Ligand SMILES: Cc1cc2nc3c(=O)[nH]c(=O)nc-3n(C[C@H](O)[C@H](O)[C@H](O)COP(=O)(O)OP(=O)(O)OC[C@H]3O[C@@H](n4cnc5c(N)ncnc54)[C@H](O)[C@@H]3O)c2cc1C
Ligand SMILES: Cc1cc2nc3c(=O)[nH]c(=O)nc-3n(C[C@H](O)[C@H](O)[C@H](O)COP(=O)(O)O)c2cc1C
Ligand code: FES
């Protein structure tokens, strides 16, 4: 039997909030059947009957019969999601992408999680799976436009509670004038480098994180975004160029990503 | 059974084929749906040398369709033959290999390499690929079309399908030249040239600026071109453009399409193949008609 690709869910909760004049939608979708996903994996969401293409969204949380997404309203697809109401049915495809390895891989290592803006979504998924006591060695660096984003996540996602056991550095650009990578580098000067970095966020941020990984010779995983059409490795819309030693490799973000291992002579070409 | 179709002397399980560039080389589609559900597959266009493709972003949604500027990203003919093609051999579906080249010599080179591979049923010449050198697609020029088809026909034993561009003022003239040069069938339409602008960022949306429009937005253009050609020429046609259900497939069949190709509609709807084949069967049953009865009924 082939696995069904199309899933139908029902909106169990829909919260809309605005920070720094950007609108966000927190969607909780009641799903039928059982789905499993590791952090970094994503779904392709139908944004309405009249949308010709689905849109990719990372999984924020997946527990029992509930899938949560956090969506930034950007253009024609995400704007249509604003008109969805509690009880409406939604269709999505997935679970797609490679995702991170088993959570146990991260236990006992000195790990830095570096997130920028909406890059928090897969990181949140990861962090909410950790058993808190295992998290002692993990530092979270999270940058956003302003403090209001952290406050909103606190209010709607119980962010502080989920992250209770972690050492965290919240970096609001507006209030501190610093980027999350600045703060991460300051931390490293005082405390030394981690063994591994996991990062998701805007491309400029990922680029500087990768530079750090290359300078220090540690390992890392970057979660990348690409415009997608099929979401399942058929259309060639979403290539990521990787330099591995001397060789250029092209991988599709939707199937061989969105998580890409870097370090030890291997890097993403931005 | 009702959908079984004879095309270029081969038996097609149903009149549905997968358009070039939509399912790559078919492996993923086979896992999801099964290649045994379609009459044939047209593989992603392959060129002599590997092509990385165009700058990002390469896709954008527009009203009733999408733009793409993939840029014929492919691993090149050698890797295609060694790594991709063998997978298709194991499947009982018709295999049509799409090739493109900047010159007739390149097309001939490709055709010769593929000629000895027995399980390839036909070649599709993608004459609607962007030719950077002369800033024109081969099939926008009737003489170039003749030259390309003629050159390949001279060296191949395979059935030859010419894929035409809709970006022309008289598609029938181009089609006629392709037929005169020996094309055994035609495929149309490829995408229509288009641009999307982001007025907020005041930028072009696609990295390549221009792209190709596909989806329901182009269906009326496709139906007209198939109709115009079928009225004038006695040549089998694989119809492409905006097929998203059995009704859109029927539009093409009624104006004479021999096969219909599923394209970008498969991205959002992985069940499209089964929906179209079941929908067509139901339609024929309810109307007490055969495929042959309705094919070309409006010509
Ligand atoms: C693997 C993956 C996971 C993602 N996870 C999330 C998530 O958890 N939450 C979230 O809000 N967004 C996420 N995105 C981005 C999201 O897919 C886009 O913001 C969305 O598709 C925009 O749709 P739209 O129709 O509103 O925008 P469009 O009208 O299509 O475009 C508006 C603008 O959005 C940007 N955009 C469009 N598509 C993408 C894309 N695929 N990736 C990045 N930017 C894009 C472009 O800059 C464009 O100018 C993810 C993207 C990928 C590839
Ligand atoms: C992402 C994408 C890639 C494509 N790649 C090719 C290609 O490599 N060769 C080709 O002949 N046509 C290519 N096409 C065109 C399709 O085969 C088809 O002719 C066109 O999309 C119209 O059909 P549709 O409206 O059903 O999508 C591509 C189309 C899309 C959307
Ligand atoms: S979105 Fe089609 S290959 Fe990745």
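Nothing in this text is a laboratory measurement; each read-out follows from the coordinates by a stated rule. These numbers were taken from a predicted model, which means no experiment stands behind them. Note: ideal-geometry Cβ built from the backbone for every residue, glycine included; neighbour counts use all protein chains shown.
Numbers at a glance
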quantity: Most mobile listed residue (B:72, B:284, B:18) in chain B, GNM with C-alpha springs under 10 Å; calculated: B:284
quantity: Listed residues B:69, B:165, B:214, most fluctuating in chain B (Gaussian network, C-alpha, under 10 Å); calculated: B:69
quantity: Cα→Cβ-extended label distance, 7 Å offset, between residue B:115 and residue B:278, nm; calculated: 4.5
quantity: log10 of Debye I(q)/I(0), alpha-carbon scatterers only, for the protein assembly as shown at 0.05 Å⁻¹; calculated: -0.24
quantity: Label-point separation, residue A:6 to residue B:63 (7 Å along Cα→Cβ), nm; calculated: 2.6
quantity: Share of Cα-Cα pairs in the range A:6-96 lying beyond 22 Å, as whole percent; calculated: 19
quantity: DSSP bridge orientation in the protein assembly as shown - percent antiparallel, rounded to nearest 5; calculated: 55
quantity: Potential lengthening between residue A:247 and residue A:23 on full extension [0.36 nm per residue; Cα-Cα distance subtracted]; calculated: 76.5 nm
quantity: Fluctuation leader among A:173, A:126, A:26 - chain A, Gaussian network, Cα springs under 10 angstrom; calculated: A:173
quantity: Rounded tilt (10° steps) of A:147-157 against the dominant C-alpha axis of chain A; calculated: 50
quantity: Ranked list, fewest to most other Cβ atoms within 10 Å of each Cβ, for A:89, A:146, B:169; calculated: B:169, A:89, A:146
quantity: Cα long-axis angle, helix A:180-191 against chain A (0 to 90 degrees, to the nearest 10); calculated: 40
quantity: Where a label projected 7 Å from the Cα of residue B:87 along Cα→Cβ would reach, residues of the range A:220-256 with amide N under 12 Å; calculated: A:233-235
quantity: Sequence of B:252, A:169 once ranked by neighbouring C-beta atoms within 10 Å, starting from the fewest; calculated: A:169, B:252
quantity: Exposure proxy order (Cβ contacts within 10 Å, fewest to most) of B:91, A:196; calculated: B:91, A:196
quantity: Nearest 10 degrees, 0 to 90: helix A:203-216 Cα axis against chain A principal axis; calculated: 30
quantity: In nm, spacing of pseudo-spin labels at residue B:197 and residue A:160 (7 Å Cα→C-beta vector); calculated: 4.8
quantity: Bridge type composition, the range A:140-258 - antiparallel percent by DSSP, nearest 5; calculated: 40
